[in-house]
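Asks: Below you'll find the structure I mean.
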Amino acid sequence: KEEGKAQLVAGGRYRPLTPVMFAIETGVFGVNPFMGHLFNALWYAALCAVLFFTLRTLLGPARGEGTAAAIALLASLLFAAHPLHTEAVANIKGRDEIITLMCCLLAWWASLRSMDERRPALMGLAAVALFLGLMAKEHAIGFLAVIPASLWFFRPSVPIRRYASLWPLLLATLVFLLIRGAVIGWQMGDAPMEMLNNPFIKVTEGRYLPFTTSERWATIFYTLLLYLKLLVWPWPLTHDYYPRHIPVMDFTHPGVWLGLLLHIGLVVLVIRGFRRRSVFAFTAFYYLSTLFILSNILFPVGTTMSERFLFMPSLGFALALAAASRMPENPGLRKSATLLLLGLMAVWSAVTVVRNPVWKDNYTLFLHDVQTSKNSAKLRNAAGGELIARAVLPENADQREGMLRQAVGHLQHALVIHPAYKNACLLLGNAHHYPQEYDTAIDWYRKALALDPGYKEALNSLHITYRDAGRYFGEVKGDLSASLRYLGEANALQPGDFETLRLLGIAHGISGHHGEAVRFFTMALDKSPENADLMVYLGNAHMHLGQTEEARRWHARAEALEPGILTRMGIPVNR
C-alpha cells in the first residue's frame, strides 16, 4: 500500500492465494511459526504424492503400468529429496512454490485423464487447478506449454484437433490475467535503476548504469550454467544470490560459453527428439519452458538467480534421471542404475537434513549464508541488521561490542558493493548509536537521508539519536552546552516530542535559563497533562523566576495527583 512499492520489480507481483492461506492459519492458530512449518511439510508431502500419480498417468499408456509406476516413484523420491527444495519447504513463505506446482500438477493430471477417458468435465477441474496455481505464483503459466507438449510426446494416438479441448486452460489463464490487471494495472513497468531490484545495474565512476547487452547476456548464460550445476551438485547452498554474489560477466569467461552451449544442446535435444517423441526431449522441454519466465531473459525478475526458481524446473531433471534408469535392457544393469539413483537420493537427503537447521531463524540463516554469499550486498546488510538486533539484548551484554563491530564490517562491505544502499547507512547509524558513538551515528543517518530525503526510518532514528545524545551529554558528561545543542536539533527535527521537550526543560533549568525551562515544561505538559513530575519541575522553574504563587500552585497540583511526591523529590511541602 506504500507509494511506489508496486513497481519495485518489473511486471509487478500479484500472488493472493498463499497470503489468504496464511491469514486463515493465523486466524485459527495465531502467529505460530510451528504451524506454518508443519503445514509446509504437509503440503510438500501432498505435492510429492500428486507428482507420483501425475507421472504414472503421464507414462502409463506408453510404458505400461509397471514401468510407469517405477519411473514415477523414483522420480518423485528424487524430487522429494533434492536439497534445492529446502528453501521452499523450510522457509514458510516458500509455500507459494509448493502450492503453485501442486496445482499445476493437478491441472496436468486432470487434462491427461480427460483426454484418456474422453471426460470433458475433468477439463473444468484442470482449469480450476491451473487458475489456483496462477493465483499462487504467475509462472504457473509455463504449464500452458507443458500440458499440450506432454500430449504430443506421450499420447501419439490423440489427434491434434483434440488439443482444442484444452481451451478451459486458456480461459482460466485469461480470467487470472484480467483479475491481475484489474488489481495491479496493465503496465508491465520498466526495470528500476536500483541494484537490489534490478540485478543488471552496475556502478561506473560513481554512477549507476545498466549492463551492456554483452554483459547482460553473459551474466544470464553463466547463471543458467549455475542452475544446471545445482541440479547435479547442490552444494554449497544459499538463500541469497543478490548482487554481486554473481559478478558482472563477459564473454571472455569460459563458464559463459559453457552455459550457452549446454542450453543450445538442450534446445537441439528438444528439436531432434520432437518427431521421435523422446522422453528426454520432453524433460528438456519441460525444464526450459518452466525456467524461461524466471531466467531474466524476458525481463529482470528482481535477482540474478535463486534456488527456489529451480523448484518447478527440477521436476524435469528428476524425471530424466528416473527414465534413464529404466533404459538398459539387461535387468542387472537396470537394477544397478536404480540402486545408483537411490544412492544419489540418500546423499541428497543427507544434504537436505544438514541444510534444514540453517533455516531456524533469520540470525542463523543470515550468519551462515553470508559465508557463501560473501559479495551479496543484501545479505551483508541483513547479517549486519541481525547482529545489531541480537547485540542489544540483555543476555548478550558481554558480547555486545564484538557483535556490533562484526555488524559494522558486514554493513561497510555492503556499501562497497552497493554505494547507494540507504538501509546499510541506516543500520550503520544504529550500530554506532548503541555504544553511544552519537556523532558517527548522526553522520550515517545523514548519509542515508542524502540518498533519500524522505526516508522515514532514518529521520526517526536521527531524531532519537539527537535526543539520546542530548540526555547522555547532560546526564553523563555534564556538558550542558552540547546537551542543549543536540536536544535543539532533535526538537527541530521532530517538534512536539514529549521526551525531547522534557529534557530541554531540565537542561535549560540546570543551565539557569528558567524562562526557557518554563516554556518547554509547559509544552511537555500539553502532551502529558497528568504528569506530576513535570508539574514539580515547572513549579521549581517558576520558583527560580521569583513567581512564588505560580510555583506553589504547580507543586500543589503535583501533590494532589501523587501524594508525597514533593517529599520524594526533596522539596519542602510548606515552602
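Asks: Any of LYS374/LYS422; LYS447/LYS477; LYS93/LYS447 with alpha carbons more than 23 Å apart? Name them for me.
Replies: Details: LYS374/LYS422 19 Å; LYS447/LYS477 27 Å; LYS93/LYS447 33 Å.
From the list (LYS374/LYS422; LYS447/LYS477; LYS93/LYS447), the Cα-Cα distance tops 23 Å for LYS447/LYS477; LYS93/LYS447.
Asks: Going 7 Å from the Cα of THR67 in the Cα-to-Cβ direction, what parts of the stretch 323-349 have a backbone nitrogen less than 20 Å from that spot?
Replies: Residues passing the 20 Å test: 323-342.
Asks: Shifting gears a bit: How charged is the neighbourhood of ALA70? Take every other residue with its Cβ under 14 Å from the Cβ of ALA70, and add Lys/Arg as +1 and Asp/Glu as -1. Spell out each step's value before the answer.
Replies: Numbers: positive: ARG56, ARG63, ARG326, ARG334, LYS335; negative: GLU65.
Cβ neighbours under 14 Å give a net charge of +4.
Asks: Could you run the Karplus curve 6.51 cos²θ - 1.76 cosθ + 1.60 with θ = phi - 60° over the stretch 428-445 and give me ³J(HN,Hα) per residue in whole Hz, x for Gly and Pro?
Replies: The phi angles translate into 5, x, 4, 4, 8, 5, 5, x, 6, 8, 5, 5, 5, 4, 4, 4, 5, 5 Hz.
Asks: For the full complex of protein chains and a 1.4 angstrom probe, list THR522, THR219 by accessible area with the highest value first.
Replies: The residues order as THR522, THR219, largest area first.
Asks: Going highest first, how would you order 394-400, 435-441 by mean Cβ packing within 10 Å? Don't skip to the end; give the middle numbers.
Replies: Working: 394-400: 10.7, 435-441: 16.4.
For the peptides 394-400, 435-441, the packing ranking is 435-441, 394-400.
Asks: Within the stretch 1-120, what whole-number % of the accessible surface is contributed by carbon and sulfur, with the 1.4 Å probe and all protein chains included in the calculation?
Replies: On the way: 3490 of 5220 Å².
Taking all protein chains in place, the stretch 1-120 shows 67 percent carbon and sulfur surface.
Asks: Sticking with this one: Can you compute the modelled spin-label distance between VAL232 and LEU344, with each label point 7 Å from Cα toward Cβ, in nm?
Replies: 1.0
Asks: Moving to a separate point now. Quick one: angle between helix 254-276 and the longest Cα principal axis of the chain, in degrees between 0 and 90, rounded to 10, please.
Replies: 40
Asks: Okay, moving on. Taking 0.36 nm per residue of sequence separation and subtracting the Cα-Cα distance, how much length would be gained by fully extending the chain between ASN330 and ASP439, in nm to one decimal?
Replies: Details: separation 109, 0.36 × 109 = 39.24 nm, distance 7.70 nm.
Answer, rounded to one decimal: 31.5 nm.
Asks: Treat each spin label as a single point 7 Å out from the Cα along the C-beta direction, and report the ILE510 to VAL128 distance in nm.
Replies: 7.2
Asks: Putting +1 on Lys and Arg Cβ atoms and -1 on Asp and Glu Cβ atoms, find which of ALA127, ALA90, PRO19 reaches farthest to the positive end of the dipole of the stretch 8-154.
Replies: Positive-end residue among those listed: ALA127.
Asks: Please work out the FRET efficiency for the pair THR548 and THR522, using the Cβ-Cβ distance as r and a Förster radius of 30 Å; give the result to the nearest 0.05. Don't skip to the end; give the middle numbers.
Replies: Values: r = 18 Å, r/R0 = 0.59.
That gives a FRET efficiency of 0.95.
Asks: Follow-up. In degrees between 0 and 90, to the nearest 10, how far off the longest principal axis of the chain does helix 377-391 point, with axes built from Cα atoms?
Replies: So the inclination is approximately 50 degrees.
Asks: Could I ask something else about it? Along Cα→Cβ, 7 Å out, is where each label goes; now give me the distance between the ones at ILE160 and LYS456 in nm to one decimal.
Replies: Calculated label separation equals 5.7 nm.
Asks: Using just the helices of the chain, give the 222 nm mean residue ellipticity in deg cm²/dmol: DSSP H runs with n ≥ 4 each add -39,500 (n - 2.57), and the total is spread over all residues, rounded to 500.
Replies: Numbers: 25 runs with 389 residues, N = 575.
The per-residue figure over the chain is -22500 deg cm²/dmol.
Asks: Another question, then. I'd like to compare 25-37, 304-316: which one has the highest average count of other Cβ atoms within 10 Å, and what's the full order after that? Intermediate results must be reported in sequence, preceding the final value.
Replies: Values: 25-37: 12.0, 304-316: 23.6.
Those peptides, ordered most packed to least, come out 304-316, 25-37.
Asks: So with the 1.4 Å probe, I'd like the accessible area per residue for the stretch 264-395, rounded to whole Å².
Replies: Numbers: 5880 Å² over 132 residues.
Using a 1.4 Å probe on heavy atoms only, each residue of the stretch 264-395 averages 45 Å².
Asks: Going by accessible area, probe 1.4 Å, with all protein chains left in place, what is the ranking of LEU225, LEU151, largest first?
Replies: Details: LEU225 30, LEU151 0 Å².
The ranking, largest first, comes out as LEU225, LEU151.
Asks: Can I ask one more? When the chain is fully extended, how far beyond the present Cα-Cα distance does PHE53 get from MET569, taking 0.36 nm per residue of separation? Write down the numbers at each step before the final one.
Replies: Working: separation 516, 0.36 × 516 = 185.76 nm, distance 7.86 nm.
In short, 177.9 nm is gained.
Asks: Could you list which residues have their amide H under 5 Å from that of LYS202, counting only those 5 or more apart in sequence or on another chain, with H placed in the peptide plane?
Replies: LEU209, PHE211
The values are calculated or read from the model by the stated rules, or taken from the named source; none is laboratory data. All of these numbers come straight from a predicted model, not from anything done at the bench. Positions of Cβ are generated from backbone atoms using ideal geometry, with glycine treated the same way; all protein chains shown enter the neighbour counts. Just so you know, the surface numbers come from the protein's heavy atoms only, side chains and all, with ligands and any DNA or RNA stripped out. Shrake-Rupley method; radii C 1.70, N 1.55, O 1.52, S 1.80 Å.
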